[in-house]
Amino acid sequence: MKELLELPIYLQIVIASGYVGYTIAQRDYRKNEKTTDMWLAILLFGLPSGVILTLTDSHWSYLSVLIAPFLGWVWAKKGKSYLSKLLHWSRASYENNEGDIWNTLATRKGVEITQITVTLTNGRQYHCSDTAIYNKEEFAPCLFDDDGIAFYVDHYKTAEGKWETEPQVKDKSMGAAITYFPKSDIALLEVRFK
């Protein structure tokens, strides 16, 4: 750490602002990223700040540290998806490079899941017919991570194979009930999105 603090100030700013840009850009993907990819992203996001600091001699140039977070936000919001679309359109690649399908579903930006059905390995099924009903609840209508999925179950399938309504999913006095399903227990996940 001492060695980093002995670097010239513009390099410290490149690394610090680049790291903030990187964390914004790769917020949902950082678990599987290689160290070299991380450092390259940090340097790329921090590079504009470094260039501005070396070319200008003004105290205002230190505001260039805000460029990296902005670039990270733009990349996360639009850049990554435009690059994937360009690669698909040019038939260069159909890979989204997000690790696996589960991560793709969990981390896709700009996609709203509208319905969810989970079939567990024991055959039980759980369903949320309209996630928009739960948009104002404390937790998002659908939460994904590497370990599983959580959502508001408003229907479930009985042992006889009949769909029943879950009456306690939203209770005025107790609040909403979100249900967590470990990834290892899920045999099939079906989602509708827009």
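One line per residue, one yes/no per condition, for (1) hydroxyl-bearing (Ser, Thr, Tyr); (2) free of Cβ contacts under 8 Å to residues at least 12 places away in the same chain; (3) in contact with a strand residue (DSSP E or B) (Cβ under 6 Å, 6 or more places away or on another chain):
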position	(1), (2), (3)
Thr121	yes, no, yes
Glu137	no, no, yes
Cys142	no, no, yes
Phe151	no, no, yes
Lys157	no, no, yes
Gly161	no, yes, no
Met174	no, yes, no
Restricting to segment 130-162, what's the tally of residues that are part of a loop (DSSP other than H, G, I, E, B) and surrounded by fewer than 16 Cβ atoms within 10 Å (Cβ to Cβ)? 14
Kindly provide the set of residues from segment 141-176 that are out of contact with any Ser or Thr (no Cβ under 8 Å at 6 or more places or on another chain) and β-branched (Val, Ile, Thr), ordered by number. Ile149, Thr158, Thr165, Val169
From the set of residues in segment 94-148 that are over 21 Å from the mean Cα position of the chain (by Cα) and aliphatic (A, V, I, L, M), which is modelled with the highest pLDDT? Leu120
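For every residue, the table says whether it meets (1) among the basic types (Lys, Arg); (2) modelled with pLDDT under 80; (3) more than 12 Å from Gly21 (Cβ to Cβ); (4) out of contact with any Phe, Trp or Tyr (no Cβ under 6 Å at 6 or more places or on another chain).
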{"position": "Thr36", "(1), (2), (3), (4)": "no, no, yes, yes"}
{"position": "Pro48", "(1), (2), (3), (4)": "no, no, no, yes"}
{"position": "Val51", "(1), (2), (3), (4)": "no, no, yes, yes"}
{"position": "Ser61", "(1), (2), (3), (4)": "no, yes, yes, yes"}
{"position": "Leu86", "(1), (2), (3), (4)": "no, no, yes, yes"}
Meets criteria (modelled with pLDDT of 85 or more, crowded, with 16+ Cβ neighbours inside 10 Å and over 25 Å from the mean Cα position of the chain (by Cα)) for Ser17: no
Out of (1) modelled with pLDDT of 75 or more; (2) in a helix (DSSP H, G or I), the odd one out for Arg91 is which? (2)
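The values are calculated or read from the model by the stated rules, or taken from the named source; none is laboratory data. This is a predicted model, so every value here is computed, not measured. FYI the Cβ positions are ideal-geometry reconstructions off the backbone, even for glycines, and counts take in every protein chain you see.
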